[in-house]
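> Quick one: this structure, given as C-alpha coordinates, is what I'll be asking you about.
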There are 2 protein chains.
Amino acid sequence: MRLSKLTDYAVVVLARLEQDGAAPGKGQVQTAPGLAAATGIAEPTVAKVLKILGGAGLVEGVRGARGGYRLARTLDTVPLAQVIVAFDGPIALTACVDGGMGGCDAEAICPVRGRWDPVNDAIRNALSGITVAALAKPRFPWDLPYPANTDTAAASTLVAE
Amino acid sequence: MRLSKLTDYAVVVLARLEQDGAAPGKGQVQTAPGLAAATGIAEPTVAKVLKILGGAGLVEGVRGARGGYRLARTLDTVPLAQVIVAFDGPIALTACVDGGMGGCDAEAICPVRGRWDPVNDAIRNALSGITVAALAKPRFPWDLPYPANTDTAAASTLVAE
DNA sequence: AAGAAATAGGACCTCAGGGGTCCGCTTTCC
DNA sequence: GGAAAGCGGACCCCTGAGGTCCTATTTCTT
(Lines give C-alpha, C1' and ligand atoms only; values in the text may rest on other atoms or scores of the structure.)
Protein backbone atom coordinates (compact mmCIF):
# COMPACT_ATOMS: atom_id res chain seq x y z
CA MET A 1 0.00 0.00 0.00
CA ARG A 2 2.95 2.29 0.48
CA LEU A 3 4.64 3.85 -2.48
CA SER A 4 8.41 3.77 -2.75
CA LYS A 5 10.59 6.21 -0.90
CA LEU A 6 12.00 7.48 -4.15
CA THR A 7 8.55 8.72 -5.09
CA ASP A 8 8.37 10.58 -1.83
CA TYR A 9 11.79 12.08 -2.44
CA ALA A 10 10.75 13.03 -5.96
CA VAL A 11 7.91 15.20 -4.70
CA VAL A 12 10.24 16.92 -2.28
CA VAL A 13 12.82 17.53 -4.99
CA LEU A 14 10.25 18.86 -7.41
CA ALA A 15 8.92 21.17 -4.74
CA ARG A 16 12.40 22.43 -4.04
CA LEU A 17 13.11 23.06 -7.70
CA GLU A 18 10.02 25.20 -7.98
CA GLN A 19 10.79 26.99 -4.75
CA ASP A 20 14.26 27.83 -5.99
CA GLY A 21 13.06 29.26 -9.25
CA ALA A 22 14.33 26.49 -11.49
CA ALA A 23 11.24 26.97 -13.63
CA PRO A 24 10.54 25.72 -17.13
CA GLY A 25 12.01 27.60 -20.09
CA LYS A 26 15.07 29.78 -19.66
CA GLY A 27 15.03 29.65 -15.89
CA GLN A 28 17.83 29.04 -13.52
CA VAL A 29 19.08 25.53 -12.85
CA GLN A 30 19.81 23.70 -9.61
CA THR A 31 22.57 21.12 -9.19
CA ALA A 32 22.02 17.72 -7.67
CA PRO A 33 24.49 18.41 -4.84
CA GLY A 34 22.75 21.69 -4.14
CA LEU A 35 19.35 20.05 -3.96
CA ALA A 36 20.76 17.35 -1.71
CA ALA A 37 21.99 19.98 0.73
CA ALA A 38 18.72 21.89 0.58
CA THR A 39 16.47 18.89 1.14
CA GLY A 40 18.59 16.78 3.47
CA ILE A 41 18.43 13.78 1.15
CA ALA A 42 21.69 11.96 0.41
CA GLU A 43 23.35 13.28 -2.71
CA PRO A 44 23.58 10.02 -4.71
CA THR A 45 19.93 9.42 -4.02
CA VAL A 46 18.96 12.87 -5.21
CA ALA A 47 20.96 12.25 -8.36
CA LYS A 48 19.09 9.02 -8.95
CA VAL A 49 15.74 10.68 -8.40
CA LEU A 50 16.60 13.44 -10.85
CA LYS A 51 17.68 10.94 -13.48
CA ILE A 52 14.36 9.13 -13.24
CA LEU A 53 12.45 12.39 -13.29
CA GLY A 54 14.41 13.33 -16.37
CA GLY A 55 13.50 10.08 -18.05
CA ALA A 56 9.87 10.76 -17.28
CA GLY A 57 10.11 14.18 -18.86
CA LEU A 58 9.34 16.05 -15.66
CA VAL A 59 12.72 17.77 -15.34
CA GLU A 60 15.34 18.58 -17.92
CA GLY A 61 19.04 18.27 -17.27
CA VAL A 62 21.65 20.75 -18.46
CA ARG A 63 24.99 19.04 -18.85
CA GLY A 64 28.44 20.39 -18.36
CA ALA A 65 29.91 22.86 -15.91
CA ARG A 66 27.30 25.29 -14.58
CA GLY A 67 24.76 22.66 -15.51
CA GLY A 68 21.94 21.36 -13.37
CA TYR A 69 18.26 20.64 -13.54
CA ARG A 70 15.14 22.66 -14.07
CA LEU A 71 11.48 21.77 -14.20
CA ALA A 72 10.29 20.73 -17.64
CA ARG A 73 6.70 21.67 -16.80
CA THR A 74 5.11 23.76 -14.11
CA LEU A 75 4.03 21.62 -11.19
CA ASP A 76 0.37 22.54 -11.50
CA THR A 77 0.31 20.63 -14.77
CA VAL A 78 1.85 17.49 -13.32
CA PRO A 79 -0.59 14.97 -11.86
CA LEU A 80 0.70 13.11 -8.85
CA ALA A 81 -0.12 9.89 -10.68
CA GLN A 82 2.56 10.63 -13.24
CA VAL A 83 5.28 10.81 -10.62
CA ILE A 84 4.08 7.60 -9.04
CA VAL A 85 4.05 5.77 -12.35
CA ALA A 86 7.61 6.91 -13.05
CA PHE A 87 8.92 5.36 -9.84
CA ASP A 88 6.49 2.61 -8.92
CA GLY A 89 5.21 1.50 -12.28
CA PRO A 90 1.57 1.22 -13.26
CA ILE A 91 -0.90 2.11 -10.54
CA ALA A 92 -2.73 -1.04 -9.51
CA LEU A 93 -3.44 -2.59 -6.15
CA THR A 94 -3.15 -6.17 -7.33
CA ALA A 95 -0.84 -8.10 -9.58
CA CYS A 96 -3.69 -8.96 -11.94
CA VAL A 97 -3.83 -5.53 -13.55
CA ASP A 98 -6.98 -4.71 -15.47
CA GLY A 99 -7.89 -8.25 -16.36
CA GLY A 100 -4.34 -8.86 -17.46
CA MET A 101 -3.75 -12.44 -18.48
CA GLY A 102 -0.94 -14.72 -17.45
CA GLY A 103 0.97 -14.63 -14.23
CA CYS A 104 -1.80 -15.94 -12.04
CA ASP A 105 -2.20 -19.71 -11.82
CA ALA A 106 -5.71 -19.63 -10.43
CA GLU A 107 -6.95 -17.32 -13.14
CA ALA A 108 -9.43 -19.85 -14.46
CA ILE A 109 -11.27 -20.31 -11.19
CA CYS A 110 -10.58 -16.97 -9.50
CA PRO A 111 -13.93 -15.52 -8.41
CA VAL A 112 -12.67 -11.95 -8.29
CA ARG A 113 -10.90 -11.89 -11.64
CA GLY A 114 -11.38 -8.52 -13.24
CA ARG A 115 -13.26 -7.26 -10.23
CA TRP A 116 -10.41 -5.13 -9.05
CA ASP A 117 -10.51 -2.98 -12.15
CA PRO A 118 -13.01 -0.44 -10.80
CA VAL A 119 -10.99 -0.19 -7.61
CA ASN A 120 -7.81 0.46 -9.53
CA ASP A 121 -9.60 3.01 -11.65
CA ALA A 122 -10.82 4.80 -8.57
CA ILE A 123 -7.29 5.03 -7.18
CA ARG A 124 -5.88 6.14 -10.50
CA ASN A 125 -8.49 8.84 -10.87
CA ALA A 126 -7.88 10.12 -7.38
CA LEU A 127 -4.15 10.35 -7.99
CA SER A 128 -4.60 11.90 -11.41
CA GLY A 129 -6.77 14.65 -10.00
CA ILE A 130 -4.15 15.92 -7.59
CA THR A 131 -1.23 17.93 -8.92
CA VAL A 132 2.25 17.95 -7.49
CA ALA A 133 1.79 21.67 -7.00
CA ALA A 134 -0.90 20.93 -4.43
CA LEU A 135 1.64 18.98 -2.40
CA ALA A 136 4.48 21.40 -2.93
CA LYS A 137 2.97 24.78 -2.22
CA PRO A 138 4.93 26.54 0.55
CA ARG A 139 2.97 27.35 3.65
CA PHE A 140 2.54 30.72 5.31
CA PRO A 141 2.42 30.73 8.24
CA TRP A 142 4.45 27.62 8.75
CA ASP A 143 3.18 24.48 10.33
CA LEU A 144 -0.51 24.71 9.78
CA PRO A 145 -1.41 21.14 10.62
CA TYR A 146 -4.36 20.89 8.24
CA PRO A 147 -4.37 23.74 5.75
CA ALA A 148 -7.73 24.35 4.13
CA ASN A 149 -6.68 26.31 1.09
CA THR A 150 -8.31 25.67 -2.23
CA ASP A 151 -5.62 23.52 -3.77
CA THR A 152 -5.56 20.80 -1.17
CA ALA A 153 -9.23 21.02 -0.38
CA ALA A 154 -9.72 19.87 -3.94
CA ALA A 155 -8.12 16.59 -3.02
CA SER A 156 -10.73 15.89 -0.38
CA THR A 157 -13.63 16.73 -2.62
CA LEU A 158 -12.33 14.27 -5.17
CA VAL A 159 -14.07 11.60 -3.17
CA ALA A 160 -17.79 11.55 -2.60
CA GLU A 161 -19.22 9.69 0.32
CA MET B 1 1.49 0.75 -4.49
CA ARG B 2 0.60 -2.91 -4.52
CA LEU B 3 -1.12 -4.45 -1.56
CA SER B 4 0.15 -7.74 -0.19
CA LYS B 5 -0.75 -11.04 -1.77
CA LEU B 6 -2.40 -12.16 1.43
CA THR B 7 -4.95 -9.38 1.05
CA ASP B 8 -5.67 -10.61 -2.42
CA TYR B 9 -6.09 -14.15 -1.16
CA ALA B 10 -8.33 -12.90 1.62
CA VAL B 11 -10.84 -11.47 -0.81
CA VAL B 12 -10.87 -14.71 -2.74
CA VAL B 13 -11.37 -16.74 0.43
CA LEU B 14 -14.15 -14.48 1.67
CA ALA B 15 -15.85 -14.74 -1.69
CA ARG B 16 -15.61 -18.50 -1.59
CA LEU B 17 -17.03 -18.66 1.92
CA GLU B 18 -20.07 -16.69 0.83
CA GLN B 19 -20.45 -18.73 -2.31
CA ASP B 20 -20.42 -21.95 -0.30
CA GLY B 21 -23.07 -20.81 2.11
CA ALA B 22 -20.84 -20.36 5.14
CA ALA B 23 -22.93 -17.38 6.12
CA PRO B 24 -23.09 -15.55 9.45
CA GLY B 25 -25.14 -17.07 12.23
CA LYS B 26 -25.92 -20.76 12.35
CA GLY B 27 -24.75 -21.43 8.82
CA GLN B 28 -22.56 -24.16 7.56
CA VAL B 29 -18.80 -23.98 7.98
CA GLN B 30 -15.96 -24.54 5.55
CA THR B 31 -12.63 -26.08 6.48
CA ALA B 32 -9.31 -24.54 5.60
CA PRO B 33 -8.24 -27.59 3.57
CA GLY B 34 -11.55 -27.48 1.73
CA LEU B 35 -11.15 -23.81 0.89
CA ALA B 36 -7.61 -24.46 -0.25
CA ALA B 37 -8.80 -27.08 -2.69
CA ALA B 38 -11.63 -24.87 -3.89
CA THR B 39 -9.54 -21.79 -4.47
CA GLY B 40 -6.26 -23.30 -5.60
CA ILE B 41 -4.32 -21.50 -2.88
CA ALA B 42 -1.84 -23.55 -0.84
CA GLU B 43 -3.40 -24.94 2.29
CA PRO B 44 -1.01 -23.45 4.89
CA THR B 45 -1.48 -20.07 3.27
CA VAL B 46 -5.25 -20.34 3.39
CA ALA B 47 -4.97 -21.25 7.05
CA LYS B 48 -2.86 -18.18 7.69
CA VAL B 49 -5.29 -15.95 5.86
CA LEU B 50 -8.21 -17.32 7.84
CA LYS B 51 -6.39 -16.78 11.12
CA ILE B 52 -5.81 -13.15 10.29
CA LEU B 53 -9.38 -12.72 9.10
CA GLY B 54 -10.50 -14.24 12.37
CA GLY B 55 -8.39 -11.79 14.32
CA ALA B 56 -9.98 -8.96 12.39
CA GLY B 57 -13.44 -10.23 13.24
CA LEU B 58 -14.41 -10.93 9.66
CA VAL B 59 -14.72 -14.70 9.99
CA GLU B 60 -15.35 -16.87 13.03
CA GLY B 61 -13.69 -20.20 13.56
CA VAL B 62 -15.39 -23.28 14.95
CA ARG B 63 -12.88 -25.50 16.65
CA GLY B 64 -12.78 -29.24 16.95
CA ALA B 65 -13.73 -32.00 14.58
CA ARG B 66 -16.38 -30.91 12.08
CA GLY B 67 -15.15 -27.42 12.72
CA GLY B 68 -14.28 -24.79 10.17
CA TYR B 69 -14.93 -21.16 9.38
CA ARG B 70 -17.92 -19.08 8.54
CA LEU B 71 -18.38 -15.41 7.78
CA ALA B 72 -18.87 -13.26 10.84
CA ARG B 73 -20.64 -10.58 8.80
CA THR B 74 -22.25 -10.51 5.41
CA LEU B 75 -19.82 -9.26 2.80
CA ASP B 76 -21.94 -6.29 1.83
CA THR B 77 -21.24 -4.83 5.25
CA VAL B 78 -17.48 -5.24 4.99
CA PRO B 79 -15.62 -2.34 3.41
CA LEU B 80 -12.61 -3.35 1.36
CA ALA B 81 -10.57 -0.98 3.47
CA GLN B 82 -11.09 -3.17 6.51
CA VAL B 83 -9.55 -6.21 4.84
CA ILE B 84 -6.62 -4.16 3.63
CA VAL B 85 -5.98 -2.75 7.08
CA ALA B 86 -6.02 -6.24 8.57
CA PHE B 87 -3.24 -7.43 6.26
CA ASP B 88 -1.31 -4.34 5.25
CA GLY B 89 -1.74 -2.08 8.22
CA PRO B 90 -3.01 1.49 8.12
CA ILE B 91 -3.81 2.79 4.67
CA ALA B 92 -1.31 5.50 3.78
CA LEU B 93 0.84 6.10 0.74
CA THR B 94 3.78 7.52 2.65
CA ALA B 95 5.62 6.68 5.82
CA CYS B 96 4.72 10.03 7.34
CA VAL B 97 1.13 9.11 8.13
CA ASP B 98 -1.21 11.97 8.83
CA GLY B 99 1.39 14.37 10.06
CA GLY B 100 2.81 11.65 12.27
CA MET B 101 5.87 12.77 14.14
CA GLY B 102 9.18 11.00 14.44
CA GLY B 103 10.68 8.62 11.96
CA CYS B 104 11.57 11.18 9.35
CA ASP B 105 14.88 12.99 9.73
CA ALA B 106 14.06 15.81 7.37
CA GLU B 107 10.79 16.56 9.09
CA ALA B 108 11.85 20.02 10.09
CA ILE B 109 12.63 21.19 6.58
CA CYS B 110 10.36 18.91 4.57
CA PRO B 111 8.26 21.12 2.29
CA VAL B 112 5.52 18.54 1.85
CA ARG B 113 5.05 17.61 5.48
CA GLY B 114 1.39 16.99 6.19
CA ARG B 115 0.53 17.59 2.57
CA TRP B 116 -0.05 13.92 1.88
CA ASP B 117 -2.94 13.78 4.33
CA PRO B 118 -5.64 14.73 1.81
CA VAL B 119 -4.24 12.20 -0.62
CA ASN B 120 -4.33 9.47 1.97
CA ASP B 121 -7.85 10.46 2.93
CA ALA B 122 -8.93 10.23 -0.66
CA ILE B 123 -7.55 6.70 -0.99
CA ARG B 124 -9.06 5.67 2.32
CA ASN B 125 -12.47 6.97 1.38
CA ALA B 126 -12.38 5.24 -1.95
CA LEU B 127 -11.50 1.93 -0.35
CA SER B 128 -14.06 2.38 2.41
CA GLY B 129 -16.84 2.95 -0.08
CA ILE B 130 -16.36 -0.38 -1.82
CA THR B 131 -17.59 -3.53 -0.11
CA VAL B 132 -16.01 -6.93 -0.43
CA ALA B 133 -19.35 -8.10 -1.77
CA ALA B 134 -18.82 -5.90 -4.81
CA LEU B 135 -15.63 -7.80 -5.56
CA ALA B 136 -17.01 -11.21 -4.72
CA LYS B 137 -20.33 -11.28 -6.48
CA PRO B 138 -20.47 -14.25 -8.84
CA ARG B 139 -20.90 -13.35 -12.47
CA PHE B 140 -23.62 -14.57 -14.82
CA PRO B 141 -22.83 -14.87 -17.62
CA TRP B 142 -19.19 -15.46 -16.92
CA ASP B 143 -16.38 -13.25 -18.05
CA LEU B 144 -18.10 -9.94 -18.55
CA PRO B 145 -14.97 -7.81 -18.91
CA TYR B 146 -16.40 -4.66 -17.39
CA PRO B 147 -19.63 -5.26 -15.54
CA ALA B 148 -21.72 -2.15 -15.05
CA ASN B 149 -23.92 -3.27 -12.21
CA THR B 150 -24.75 -0.94 -9.40
CA ASP B 151 -22.30 -2.27 -6.85
CA THR B 152 -19.15 -1.78 -8.85
CA ALA B 153 -20.36 1.29 -10.70
CA ALA B 154 -20.40 2.93 -7.30
CA ALA B 155 -16.65 2.55 -7.18
CA SER B 156 -16.18 4.64 -10.28
CA THR B 157 -18.52 7.36 -9.18
CA LEU B 158 -16.59 7.67 -5.96
CA VAL B 159 -14.17 9.86 -7.84
CA ALA B 160 -15.18 13.09 -9.50
CA GLU B 161 -13.12 14.48 -12.30
C1' DA C 1 44.07 23.47 -24.86
C1' DA C 2 43.52 21.72 -20.36
C1' DG C 3 40.98 21.05 -16.47
C1' DA C 4 36.95 21.36 -13.62
C1' DA C 5 32.12 20.68 -12.90
C1' DA C 6 28.26 18.74 -13.83
C1' DT C 7 24.77 15.28 -15.94
C1' DA C 8 23.88 10.31 -17.97
C1' DG C 9 23.65 5.66 -17.53
C1' DG C 10 24.70 1.87 -15.71
C1' DA C 11 26.40 -2.01 -12.40
C1' DC C 12 26.54 -3.48 -7.97
C1' DC C 13 25.75 -4.58 -3.06
C1' DT C 14 22.95 -5.02 1.09
C1' DC C 15 19.20 -6.11 3.83
C1' DA C 16 14.51 -5.70 5.68
C1' DG C 17 10.06 -7.63 5.09
C1' DG C 18 6.70 -10.23 2.59
C1' DG C 19 5.48 -14.98 1.53
C1' DG C 20 5.27 -19.28 2.73
C1' DT C 21 5.88 -23.50 5.69
C1' DC C 22 5.85 -26.11 9.76
C1' DC C 23 5.26 -27.47 14.57
C1' DG C 24 2.95 -28.08 18.96
C1' DC C 25 -1.21 -27.12 21.57
C1' DT C 26 -6.08 -26.99 22.27
C1' DT C 27 -10.77 -28.00 21.30
C1' DT C 28 -14.58 -30.87 19.98
C1' DC C 29 -17.06 -34.57 17.68
C1' DC C 30 -17.61 -39.61 16.82
C1' DG D 1 -9.73 -42.29 23.27
C1' DG D 2 -8.71 -41.05 18.75
C1' DA D 3 -9.29 -38.17 14.85
C1' DA D 4 -10.15 -33.77 12.84
C1' DA D 5 -10.05 -29.36 12.96
C1' DG D 6 -8.70 -24.42 14.54
C1' DC D 7 -5.04 -21.47 17.19
C1' DG D 8 -0.76 -19.43 18.01
C1' DG D 9 3.61 -18.85 17.10
C1' DA D 10 8.46 -19.63 15.28
C1' DC D 11 11.05 -20.08 11.41
C1' DC D 12 13.33 -19.78 6.73
C1' DC D 13 13.93 -18.06 2.14
C1' DC D 14 14.20 -14.91 -1.29
C1' DT D 15 12.83 -11.05 -3.88
C1' DG D 16 13.14 -6.34 -4.69
C1' DA D 17 13.53 -1.73 -2.77
C1' DG D 18 17.13 1.37 -1.31
C1' DG D 19 21.31 3.03 -1.68
C1' DT D 20 26.21 3.63 -3.40
C1' DC D 21 29.69 3.98 -6.74
C1' DC D 22 32.10 4.01 -11.19
C1' DT D 23 32.76 5.55 -15.84
C1' DA D 24 31.59 8.16 -19.95
C1' DT D 25 30.12 12.44 -21.80
C1' DT D 26 29.26 17.23 -22.09
C1' DT D 27 30.31 22.06 -21.47
C1' DC D 28 31.99 26.04 -19.11
C1' DT D 29 36.11 28.47 -17.40
C1' DT D 30 40.74 29.86 -17.41
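> By the gyration tensor of its Cα atoms, with a ≥ b ≥ c the square roots of the eigenvalues, what is the shape of region B:26-80: rounded for a/c under 1.5, prolate for a/b over b/c, or oblate?
Numbers: a/c = 1.66, a/b = 1.24, b/c = 1.34.
Verdict is oblate for region B:26-80.
> As a test question: what accessible area, to the nearest 10 Å², does B:Asp76 have when a 1.4 Å probe is rolled over all protein chains in place?
So the heavy atoms of B:Asp76 present about 100 Å² to solvent.
> In addition: Can you sort A:Arg2, A:Arg70, A:Arg115 by solvent-accessible area, 1.4 Å probe, largest first?
Details: A:Arg2 95, A:Arg70 35, A:Arg115 10 Å².
These residues rank, largest area first, as A:Arg2, A:Arg70, A:Arg115.
> Something else: Considering every residue in A:72-82, what mean count of other chain Cβ atoms within 10 Å of its Cβ is obtained? Mind showing how you got there, number by number?
Working: counts 0, 0, 0, 0, 0, 0, 0, 0, 3, 0, 0.
For peptide A:72-82, the averaged partner shielding equals 0.
> Compute the distance in nm between two label points, each set 7 Å from the Cα along the Cα-to-Cβ direction, one at B:Lys26 and one at B:Arg73.
2.4 nm
> Another one. Using a label point 7 Å beyond Cα on the Cα-Cβ vector, give me the inter-copy distances for A:Ala37 in nanometres, one decimal, shortest first.
For A:Ala37, the inter-copy label distances come out at 7.0 nm.
> Provide the FRET efficiency to the nearest 0.05 for the B:Val62-A:Ser4 pair, computing r from the beta carbons and using R0 = 25 Å. Please list the in-between numbers first.
On the way: r = 42 Å, r/R0 = 1.67.
Calculated value: 0.05.
The values are calculated or read from the model by the stated rules, or taken from the named source; none is laboratory data. From a predicted model like this one, the values you see are computed outputs, not experimental measurements. With ideal geometry, Cβ positions are generated from the backbone for all residues, glycine too; neighbour counts draw on all protein chains shown. SASA here: full protein model, heavy atoms, side chains in, ligands and nucleic acids out. Shrake-Rupley method; radii C 1.70, N 1.55, O 1.52, S 1.80 Å.
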